[in-house]
Amino acid sequence: MTLKEALAEGERLLKAPSPHASIDSPALDAALLLAEALKISREKLIVLGNEPMDDSDYESFLNLISKRLGGECIAYILGRKDFRYLSFTVNPEVLVPRPDTETLVEAALEYIDIFTEKSDKISLLDLCTGSGAVAISLKYERPNIKVTASDICIKALKTAAENAVCHNSTITFIESNLFENINGKFNIIVCNPPYIPSSELPALPAEVRREPKLALDGGKDGLQLIRQIIPEAKNNLLNNGVLLLEADPGQMPAIKSLLERNAYKEIKVYQDLSNQNRVISGIR
């Protein structure tokens, strides 16, 4: 069997209906898993397509296919996920970074650049950091800022700290239930909190349901933590500091109202790549 034939077989298997997985991109998934089994890049996989495949490598490939059909997402199988310009270690203790969250990074970069015009000492807190993708990306793209990242889950913080070491990022990590253990004030607070309503969790794709519930469950209407974050953030923001929140597009009107009631000003909404309202900001 050639690599090209193995790839075709993997795609065929992933196209078959599975009660445990929702596989939208069987060709891509098969290519990623075959490259992983062979420990080569996808680009090299194309070049070597007509080369024969060892039986042991094929068995490893089928084992990875079986995991995917069992409902495990590609990122957890590979143990990594690309986000913006970097690759991050991921595992079932952390949410898989998604392209929508790049909107949060881009909005934060906009404010970092505005604040940098007035001061070269910019401090930022990434609340609910998870894998650390947001905090590390911001530190990577704006090395001069001081970054603190927090999470309630100590295992998530361990993963985030490992990612920071991999990317030579100097970040202060704090185990904290929201602002409970956060001292000091920041120019910018960013947060991608749990915002999925509890009643909607059972209907999520099988792969998503394997991600940590703590990072998904936003309570009855998805806004449970956001209602707590908005007033409490004011105590940890400097004057004219900004709070940025990622949430569901349908939640934006309610969040805007919460920001207004808590005296935030210059409220702004940012759209993701699908032109959906994904991030909202307010100035203290």
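Before moving on, here are some points about what is shown:
- Members of region 100-151 that are surrounded by fewer than 17 Cβ atoms within 10 Å (Cβ to Cβ) and assigned to a strand (DSSP E or B): Lys146
- Some residue of region 73-87 being surrounded by fewer than 19 Cβ atoms within 10 Å (Cβ to Cβ), in contact (Cβ under 8 Å) with a residue 60 or more places away in the chain and part of a loop (DSSP other than H, G, I, E, B): no
- Selected residue (only one of Ser281, Ser198, Ser274 is within 30 Å of Gly70 (Cβ to Cβ) and touching a strand residue (DSSP E or B) at 6+ places or on another chain (Cβ under 6 Å)): Ser198
- For Leu95: the one exception among (1) surrounded by 16 or more Cβ atoms within 10 Å (Cβ to Cβ); (2) part of a helix (DSSP H, G or I): (2)
- Spans of helices (runs of 4 or more DSSP H) in region 194-284 with at least 1 residues more than 21 Å from the chain's Cα centre (by Cα) and either free of Cβ contacts under 8 Å to residues at least 60 places away in the same chain or surrounded by 13 or more Cβ atoms within 10 Å (Cβ to Cβ) (or both): 224-233, 252-261
- Checked against the criterion of being surrounded by fewer than 19 Cβ atoms within 10 Å (Cβ to Cβ), under 29 Å from the mean Cα position of the chain (by Cα) and assigned to a helix (DSSP H, G or I), the candidates Ser56, Ser22, Ser66 yield just one match: Ser66.
- Options Ile145, Ile136, Ile122, Ile114: the member that is in contact with a Leu (Cβ under 7 Å, 6 or more places away or on another chain), within 19 Å of Asn240 (Cβ to Cβ) and not charged (D, E, K, R): Ile145
- Remark: pairs (first residue in region 141-153, assigned by TED's automatic domain parsing to the domain that holds Asp120 and under 11 Å from Ile182 (Cα atoms); second residue part of a loop (DSSP other than H, G, I, E, B) and of a type in the set (Val, Ile, Thr); Cβ separation under 6 Å; 6+ apart in sequence or on different chains) = Ala149/Thr129; Asp151/Thr129.
- Yes/no for Tyr264 being under 25 Å from Pro92 (Cα atoms), among the aromatic types (Phe, Trp, Tyr), in contact with a Gly (Cβ under 8 Å, 6 or more places away or on another chain) and modelled with pLDDT of 95 or more: no
- Flag for Leu64 being touching a residue at least 24 places away in the same chain (Cβ under 8 Å) and farther than 28 Å from Asp248 by Cα: yes
- So Ser87, is it among the hydroxyl-bearing types (Ser, Thr, Tyr) and touching a Lys or Arg at 6+ places or on another chain (Cβ under 8 Å): yes
- Within region 152-193, restricting attention to residues that are of a type in the set (A, V, I, L, M) and assigned to a loop (DSSP other than H, G, I, E, B), the residue that is farthest from Val242 (Cα to Cα) is Ile152.
The values are calculated or read from the model by the stated rules, or taken from the named source; none is laboratory data. What you see is a predicted model, and the numbers here were worked out from it, not measured in a lab. As a convention, Cβ positions derive from the backbone with ideal geometry for all residues, glycine included, and neighbour counts pool all protein chains shown.
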